[in-house]
């Protein structure tokens, strides 16, 4: 019997895992949360993502990460203190918080957070990643880490993680 994607959507178990289809495809979903402590903060989320991949039971496939916020981003880079400082300085210089952004102006916007710069940084860096899973782990280069960027903290943040494969 061939199970359709629509039927799979209805059969999600309480732990967020879809049943294995007759063809062997497995889909596993989780939402991970973080509480940030700074307005602009970079968090290495590699270990938590790999933990979800291991729990998924997927040996080979894809992991899709999606930030559930417009003022955060997820990206790949080296986790090295000097570089992390440079990333923050680059984003501060590229998108000046004190520019005359309309989103921050009560004459144009009802947003009280004055966070136009946070939205623009999130847009530039991107809110999603799709990475390969090999041997039950995220395939990353020697120096690569998965980084969650907070641009409007401190706040509670969530990233949706979906692992699919065999």
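Residue 165 - would you say it is on the phi > 0 side of the Ramachandran plot, surrounded by 18 or more Cβ atoms within 10 Å (Cβ to Cβ) and in contact (Cβ under 8 Å) with a residue 40 or more places away in the chain? So residue 165 fits the description; yes. When we screen 119, 64 for residues that are out of contact with any strand residue (DSSP E or B) (no Cβ under 6 Å at 6 or more places or on another chain) and surrounded by 14 or more Cβ atoms within 10 Å (Cβ to Cβ), the only hit is 119.
Output the residues belonging to region 80-124 that are under 16 Å from residue 40 (Cα atoms) and in contact with a helix residue (DSSP H, G or I) (Cβ under 8 Å, 6 or more places away or on another chain). Break it down stepwise before answering.
Going residue by residue through region 80-124, those that are under 16 Å from residue 40 (Cα atoms) are 81-98, 113-124.
Of everything in region 80-124, those that are under 16 Å from residue 40 (Cα atoms) and in contact with a helix residue (DSSP H, G or I) (Cβ under 8 Å, 6 or more places away or on another chain) turn out to be 91, 94, 95, 96, 97, 114, 115, 116, 119, 121, 124.
Residues in region 136-153 that are surrounded by fewer than 21 Cβ atoms within 10 Å (Cβ to Cβ), touching a residue at least 40 places away in the same chain (Cβ under 8 Å), part of a loop (DSSP other than H, G, I, E, B) and out of contact with any strand residue (DSSP E or B) (no Cβ under 7 Å at 6 or more places or on another chain): 136, 140. Per the conditions (1) surrounded by 13 or more Cβ atoms within 10 Å (Cβ to Cβ); (2) outside any loop (DSSP other than H, G, I, E, B); (3) in contact (Cβ under 8 Å) with a residue 24 or more places away in the chain, the sole criterion not satisfied by residue 103 is (3). If you scan region 49-61, which residues turn out to be closer than 23 Å to residue 150 by Cβ and either surrounded by fewer than 17 Cβ atoms within 10 Å (Cβ to Cβ) or at pLDDT below 95 (or both)? Answer for region 49-61, where residues must be closer than 23 Å to residue 150 by Cβ and either surrounded by fewer than 17 Cβ atoms within 10 Å (Cβ to Cβ) or at pLDDT below 95 (or both): just 51.
The values are calculated or read from the model by the stated rules, or taken from the named source; none is laboratory data. The model shown is predicted, which means the values in this text are computed figures rather than measured ones. Note that we place each Cβ from the backbone using ideal geometry, even for glycine, and neighbour counts take in every protein chain shown.
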